[in-house]
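The values are calculated or read from the model by the stated rules, or taken from the named source; none is laboratory data. Every value quoted in this text rests on a predicted model; they were computed, and no experiment measured them. Glycine gets a Cβ as well: all are built from the backbone with ideal geometry, and neighbour counts include every protein chain shown.
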Amino acid sequence: MNIDFAREEEKRPLESVVVNAPFSVAASFLDPRDAATIEDDWRDLAANAAEPNPFFAPALLIPALAAFADETVRIALVRDERARLIALAPFAPARGYSKLPVRYLATWMHDHCFFAAPLIRRGREKDALKALFDLVEGEGVFLRLRHLDADGVLLAEARVAARSNSRRASISARFERALLVGGFEADVCLKAAFKIKKRKELRRLRARLEDLGALRLETLAPDGDATLWANEFLLIESAGWKGGAQTALASSVEGRRFFVDAICRAHRDQILDFHRLTLNGRVVAAIVNFIEGGAGYSFKIAYDEDFAKYSPGVLLEIDMLRALEGRAGLSFMDSCAAADHPMINSLWRERRAIAAINVSGKRRRMRVLFRILMFLERAGERFRDLTARKHRVKRVSEDAGDI
């Protein structure tokens, strides 16, 4: 039997929809162009989120929407019985999953967004998630919440909320990246990361750099010039290999505008953690982090390639480690790095698992389609894992034959 999966789905109008949930919780869609109208409520939600996420706080998301969002992106809101904002997340439609032409809704992420947990007010997780699921009912076969903490409260609560509301849920796309857990000791981290020979080499490189002049670690102060620091960061990033590859933030008008605006807003909202290494006043390396509610995210790092032989990026990471060592209330720093990043993986020894969760619609037809899609996804993953294992065995066998 031929099934046109795209036609089997029910479409809903794009205008704002209101859904009643338990305790008079109300959910609706907001046009991103109106995001500034709720900024005060939004900022309060971000400060009291069950899983703090600077990427979805107004300081970062408003500039991102202005720079990168198209007309399909909408902001989902949930308010409680007192009209207090208890949930917020950007969503966008997607098409094509497990090689089938199905339509679904997913958390919206741009190229510079590395965590996508919806902002959910602490203590209202279940009500807020159920209202979100009801709001997007009929927008596609399922809702995909991307880039969540695989061991976090939101993923766990999403599974519970789905089951209690006649929905199916499935975890997918799990991977790990380097994590720095709060309460660390910098010297202990360095000894665990680098052998004695490597630590001596790094001290030698620092000494050689200091021979050239005054080497200083600077941290952007509350009354500092965030615009100036942002533009200096863009200069050294675009002068390096990223500029040559056209992947630097300043390679596009939108990227430059987003970065400067986000830095200035994050500085104003006191969630910016910006460090740089200077030599005689010249910036040789810079790193941008965002920290909110004890949750830290390492966002971007750049270095002046004229000084590449001194490993200024590594030296800055070490100095930043010492600067953050005694920071009160810091629960963790997520590296936001690739899973196989060699430098940060050796320096930050803990790992954070990131995963997505797919949540089906309520209707039986949607649940059936969802089961088919998840079966195909798992089959594909098993096939890829099996192929990868065979290739590894083959390489080992070939290497043994060379001995």
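Taking the options R389, R322, R349, name whichever one is of a type in the set (K, R), over 30 Å from R43 (Cβ atoms) and modelled with pLDDT under 90.
R389
Give me a count of the residues in the stretch 291-305 that are closer than 15 Å to A57 by Cα, among the small types (G, A, S) and part of a strand (DSSP E or B). Explain how you work it out, then say what you get.
Step one: list which residues in the stretch 291-305 are closer than 15 Å to A57 by Cα, which gives 291-297, 299.
Pick out the ones that are also among the small types (G, A, S) and you get 293-296.
Still in the running and part of a strand (DSSP E or B): 295-296.
Total meeting the criteria: 2.
Can you spot a residue in the stretch 163-170 that is over 15 Å from A285 (Cβ atoms), outside the structural domain of A64 (by TED's automatic domain parsing), surrounded by 14 or more Cβ atoms within 10 Å (Cβ to Cβ) and touching a Lys or Arg at 6+ places or on another chain (Cβ under 8 Å)?
Within the stretch 163-170, not a single residue is over 15 Å from A285 (Cβ atoms), outside the structural domain of A64 (by TED's automatic domain parsing), surrounded by 14 or more Cβ atoms within 10 Å (Cβ to Cβ) and touching a Lys or Arg at 6+ places or on another chain (Cβ under 8 Å).
Which of the residues belonging to the stretch 55-99 are on the phi > 0 side of the Ramachandran plot and either without any contact (Cβ under 8 Å) to a residue 60 or more places away in the chain or in contact with an Asp or Glu (Cβ under 8 Å, 6 or more places away or on another chain) (or both)? I'd like the intermediate steps shown before the answer.
Pass one, the stretch 55-99, residues on the phi > 0 side of the Ramachandran plot: 83, 96, 98-99.
Passing the criteria: A83, G96, S98.
If you check P22, P52, which single one turns out to be closer than 30 Å to M333 by Cα and either modelled with pLDDT of 90 or more or surrounded by fewer than 14 Cβ atoms within 10 Å (Cβ to Cβ) (or both)? Steps first, answer last, please.
Numbers: P22 fails: closer than 30 Å to M333 by Cα.
Going through P22, P52 in turn, the sole match is P52.
Could you run through the stretch 76-113 and say how many residues are assigned to a loop (DSSP other than H, G, I, E, B), within 28 Å of C336 (Cα to Cα) and among the small types (G, A, S)?
Counting residues in the stretch 76-113 that are assigned to a loop (DSSP other than H, G, I, E, B), within 28 Å of C336 (Cα to Cα) and among the small types (G, A, S) gives 1.
Identify the residue in the stretch 225-258 that is closer than 23 Å to M333 by Cα and touching a residue at least 40 places away in the same chain (Cβ under 8 Å) and, among all such residues, is surrounded by the most Cβ atoms within 10 Å (Cβ to Cβ).
The qualifying residue surrounded by the most Cβ atoms within 10 Å (Cβ to Cβ) is F233.
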